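S.K.: Can you keep this structure in mind? I'll have questions shortly.
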Ligand code: KIV
Ligand code: ZN
């Protein structure tokens, strides 16, 4: 019988540690809802003591989501543990996840503590956490570079103190798969009370081995894998959830384990992470990259047309990929739209569906054929919308091989109509300058990217910008069949996010 592997998702905590990936409270909640649909076992919602914003995000998720364990991170400090519990306590089976480094490098240079002190602190803090909940995870930070005898000593003691999950992180992404697997086997064989706890792994991807290391750990006794969607996370990121889950599913012949993740929601979840964080997925990324199921060579295309399994080891529909599906036209009704959106893995409130329907009709009017990708972009845009201080009322752009590119922009700024015409180096530059003047922003544009959502010259353009103001970095997105309008919307979306943060929205 195949054994269950618990999926501990840390997209909202370690994933958010990716540079520039900060998410606001509404976005974190929306992503957490998506993780519930994916049916992960544990959501690590944040690090409650880190800031008031983090505390509120964890509390909001713990208070309002059911059907999942919600975890909060805490250093081995009294205040961290108490604060984590305050944020988590209304959750269903809430988990306090406390950590302390065990490697000599960390003890000597970072903690300036002896092994005895680390052991004593770990036990005391696990005991404190266990007074609040029976669901306590202890992580030995930098475990893979620690003396294994010492890790065994710490793990044995914290199990006695009440830890029910023991996490063995490869914090620096240093381990090799055979070595990491052997380390897990060593723990399984040398910790006398190991049967009282679940062994977990948390791998970073510095050498591109996070998924391989996680699978090696599973083969040697680990039963929880910590991971993130799209593999986002500190530095080179974490184990990519979609890769571990699909590897276990696809290679069940060699890996007799299973997860309870509903894989059909993987594609939608991955898109949501990209939209929220502004971290694009490389086209050749396994499972969720744009090319993951694309066949370019004629020989491959011919093979797949004759028999899909000639070149496909997974069925695209297993991850919810419906790429290229012609969905609806401008005459389609609200019901058809709702059915399609649900089939794509999104659940919308009635009010969100109304907004999506209005936008859908607008776009379908211009673009005759609407594909799933077009619909998905509208859903993301409308669902993740934040309150708008700035709204685009009209945009007129002149550009070409002669004359100066000019943009005339009319905005609503906090309810007031304002307009301006500006000359620029190109049409986008002119448009952005006009918006910057009208909104009086002092922010800097860090990144601008435009891509096409589906094929053809009538495809919608999708623009992503990253802007920075006073050390705060936000992402803005916009989509429209006209790429200049998409760019203006993306820029305004970013500026609206900055205003939202300044006015007290959580970042
Ligand atoms: O990478 C790491 O060691 C961590 C711990 C807090 C689990 O993120
Ligand atoms: Zn980590």
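The values are calculated or read from the model by the stated rules, or taken from the named source; none is laboratory data. What you see is a predicted model; the values in this text were computed from it and never measured. Positions of Cβ are generated from backbone atoms using ideal geometry, with glycine treated the same way; all protein chains shown enter the neighbour counts.
Residue-by-condition table, conditions (1) farther than 19 Å from residue 224 by Cα; (2) within 16 Å of ligand 2 (Cβ to nearest atom); (3) at pLDDT 95 or above:
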position: 132; (1), (2), (3): yes, no, yes
position: 143; (1), (2), (3): no, yes, yes
position: 149; (1), (2), (3): yes, no, yes
position: 164; (1), (2), (3): no, no, yes
position: 180; (1), (2), (3): no, yes, yes
position: 185; (1), (2), (3): no, no, yes
position: 189; (1), (2), (3): no, no, yes
position: 195; (1), (2), (3): no, no, yes
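S.K.: Exactly one of (1) closer than 20 Å to residue 151 by Cα; (2) surrounded by fewer than 24 Cβ atoms within 10 Å (Cβ to Cβ); (3) in contact with a helix residue (DSSP H, G or I) (Cβ under 9 Å, 6 or more places away or on another chain) is unmet by residue 102. Its number?
M.R.: (2)
S.K.: Do you know which residues across the stretch 11-31 are within 15 Å of ligand 1 (Cβ to nearest atom) and surrounded by fewer than 20 Cβ atoms within 10 Å (Cβ to Cβ)?
M.R.: If the condition is that a residue be within 15 Å of ligand 1 (Cβ to nearest atom) and surrounded by fewer than 20 Cβ atoms within 10 Å (Cβ to Cβ), then 17, 21 are the ones that fit.
S.K.: Another question, then. Confirm whether residue 449 is surrounded by fewer than 23 Cβ atoms within 10 Å (Cβ to Cβ) and assigned to a strand (DSSP E or B).
M.R.: Taking the combined requirement at face value, the residue satisfies it.
S.K.: Can you pull out the residues in the stretch 191-205 that are in contact (Cβ under 8 Å) with a residue 40 or more places away in the chain and within 14 Å of ligand 1 (Cβ to nearest atom)?
M.R.: 200, 202, listed by residue number.
S.K.: Continuing with the same structure: Across the stretch 61-79, which residue is farthest from ligand 2 (Cβ to nearest atom) among those that are in a loop (DSSP other than H, G, I, E, B) and over 21 Å from the mean Cα position of the chain (by Cα)?
M.R.: Per the stated criteria, the residue is 77.
S.K.: Residue check: is residue 457 in contact with a helix residue (DSSP H, G or I) (Cβ under 6 Å, 6 or more places away or on another chain) and outside any strand (DSSP E or B)?
M.R.: no
S.K.: Conditions: (1) farther than 18 Å from residue 107 by Cβ; (2) away from ligand 1 (no atom under 16 Å from the Cβ); (3) surrounded by fewer than 17 Cβ atoms within 10 Å (Cβ to Cβ). Residue 149 meets all but one. Number of the miss?
M.R.: All conditions are met except number (1).
S.K.: Could you tell me whether residue 239 is closer than 12 Å to residue 7 by Cα and more than 16 Å from ligand 1 (Cβ to nearest atom)?
M.R.: No, not satisfied.
S.K.: Here is a follow-up. Quick one: count up the residues across the stretch 228-274 that are in a loop (DSSP other than H, G, I, E, B) and within 14 Å of ligand 2 (Cβ to nearest atom).
M.R.: Residues flagged as in a loop (DSSP other than H, G, I, E, B) and within 14 Å of ligand 2 (Cβ to nearest atom) within the stretch 228-274 amount to 7.
S.K.: Of the residues that make up the stretch 412-429, is at least one within 26 Å of residue 24 (Cα to Cα) and over 33 Å from the mean Cα position of the chain (by Cα)? Give the derivation first.
M.R.: From the stretch 412-429, those within 26 Å of residue 24 (Cα to Cα) are 412-415; that's our starting set.
Cutting the leftovers down to over 33 Å from the mean Cα position of the chain (by Cα) gives us 415.
Within the stretch 412-429, one or more residues are within 26 Å of residue 24 (Cα to Cα) and over 33 Å from the mean Cα position of the chain (by Cα).
S.K.: Okay, moving on. Could you check residue 292 against (1) over 25 Å from residue 384 (Cβ atoms); (2) more than 17 Å from the chain's Cα centre (by Cα); (3) part of a loop (DSSP other than H, G, I, E, B) and say which number it fails?
M.R.: In the conditions (1) over 25 Å from residue 384 (Cβ atoms); (2) more than 17 Å from the chain's Cα centre (by Cα); (3) part of a loop (DSSP other than H, G, I, E, B), residue 292 misses (1) alone.
S.K.: I'd like to check something: does the stretch 25-39 contain any residue that is in contact (Cβ under 8 Å) with a residue 24 or more places away in the chain, in contact with a helix residue (DSSP H, G or I) (Cβ under 9 Å, 6 or more places away or on another chain), in a helix (DSSP H, G or I) and within 16 Å of ligand 2 (Cβ to nearest atom)?
M.R.: For the stretch 25-39, residues in contact (Cβ under 8 Å) with a residue 24 or more places away in the chain, in contact with a helix residue (DSSP H, G or I) (Cβ under 9 Å, 6 or more places away or on another chain), in a helix (DSSP H, G or I) and within 16 Å of ligand 2 (Cβ to nearest atom): absent.
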